[in-house]
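Engineer: My questions will all concern the structure given below.
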Amino acid sequence: MKTSKSHRRAFTLIELLVVISIVSLLISILLPALGKARASARSIQCASNLRQMGISTVTYTGDYKQYIPFALDLTSGATFGGYCTTRSPGWYVRIADYLKIDVVDYWRLGPTSAGLQAPCLMTCPEKTDITYPNVRPVNYAPNAHSAKYAPAVSSDFRQGRIDQILKPTEKIWLLDMNSGIDPSRFTADNFDDAALNYGGFSANHNGVANVLYFDGHANNLSLDRAISLIPGPGHWDGPFWKPFGE
């Protein structure tokens, strides 16, 4: 009895080249889309970070008679390098405990139990330029016109209460920040210089920055839009930035 044998024709060189060309074309089409998807995911994670810091801020105000955590603390005679440390606790030092984050010193957070490469809420996922390899930087900053200083610049301590903020859906609390700028404060009076000259306004997410409003929602904001909301150079009392005014 004869047995039939199957004969499989091998790919020719031309056919292989055609297949390789098709695969290369598909990769060239898909890679940009995948890159945009990853960037979008990082932006979503950044906004989630801000919302969680917003929740922690509200929890903090509940524990401290509605007072917003100070942007920076000057009570111990701290120098510029000590405005936000465990010795002079500013805003992120004060809410770090609610987020289970260890603070090392000015502007730097300690590693989490998951290790140095684990995500950190106070570090924007888009930022990879970590100066100190053993710690994480803070990539967000508050609107210091809401938090003020400790001791307060004004004797009117109501300026630091979250329950007296007018139109909280329109007033900024936290925003994306360049890691090379003082993260303890970011206000409209230094916004032009910080944003334009030093890259303080960190528009890393497809040309926009994520911002957190006092009602707890996060949104994105372009640099041009943010600057257009400032009345003029050196003017800090624009309604967008001044939580306790109309």
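The values are calculated or read from the model by the stated rules, or taken from the named source; none is laboratory data. It should be emphasised that the depicted structure is a prediction, and the values quoted were computed from it without experimental measurement. Cβ sites come from the backbone with ideal geometry, for glycine too, and all protein chains shown count toward neighbours.
Engineer: Evaluate region 30-46: report whether one residue or more is at pLDDT 80 or above and under 23 Å from residue 90 (Cβ atoms).
Structural biologist: First pass over region 30-46, keeping only residues at pLDDT 80 or above: 36-46.
If we keep only those that are under 23 Å from residue 90 (Cβ atoms) as well, we get 46.
Among the residues of region 30-46, at least one is at pLDDT 80 or above and under 23 Å from residue 90 (Cβ atoms), which makes the answer yes.
Engineer: I've got another one for you. Pull up region 36-61, narrow it to residues that are among the small types (Gly, Ala, Ser) and surrounded by 17 or more Cβ atoms within 10 Å (Cβ to Cβ), then point me to the one that is farthest from residue 168 (Cα to Cα). Break it down into steps so the answer makes sense when it comes.
Structural biologist: As a first pass, look at region 36-61 and keep what is among the small types (Gly, Ala, Ser): 37, 39-41, 43, 47-48, 54, 56.
Remaining after also requiring surrounded by 17 or more Cβ atoms within 10 Å (Cβ to Cβ): 43, 47, 54, 56.
Numbers: 43: 23, 47: 17, 54: 12, 56: 16 Å.
Filtering first and then ranking leaves 43.
Engineer: Mind listing whichever residues of region 101-127 are under 22 Å from residue 43 (Cα atoms), outside any strand (DSSP E or B) and modelled with pLDDT of 65 or more?
Structural biologist: 101, 120, 121, 122, 123, 124, 125, 126, 127
Engineer: Let me ask something else. For residue 84, all conditions in the list (1) modelled with pLDDT of 80 or more; (2) in a loop (DSSP other than H, G, I, E, B); (3) within 21 Å of the chain's Cα centre (by Cα) hold save one; what is the number of the exception?
Structural biologist: Evaluating residue 84 over (1) modelled with pLDDT of 80 or more; (2) in a loop (DSSP other than H, G, I, E, B); (3) within 21 Å of the chain's Cα centre (by Cα) leaves (1) as the failure.
Engineer: Considering 95, 27, 22, 14, which residue is of a type outside the set (S, T, N, Q), over 20 Å from residue 177 (Cα atoms) and modelled with pLDDT of 85 or more?
Structural biologist: Working: 95 fails: over 20 Å from residue 177 (Cα atoms); 27 fails: modelled with pLDDT of 85 or more; 14 fails: modelled with pLDDT of 85 or more.
Exactly one of 95, 27, 22, 14 is of a type outside the set (S, T, N, Q), over 20 Å from residue 177 (Cα atoms) and modelled with pLDDT of 85 or more, namely 22.
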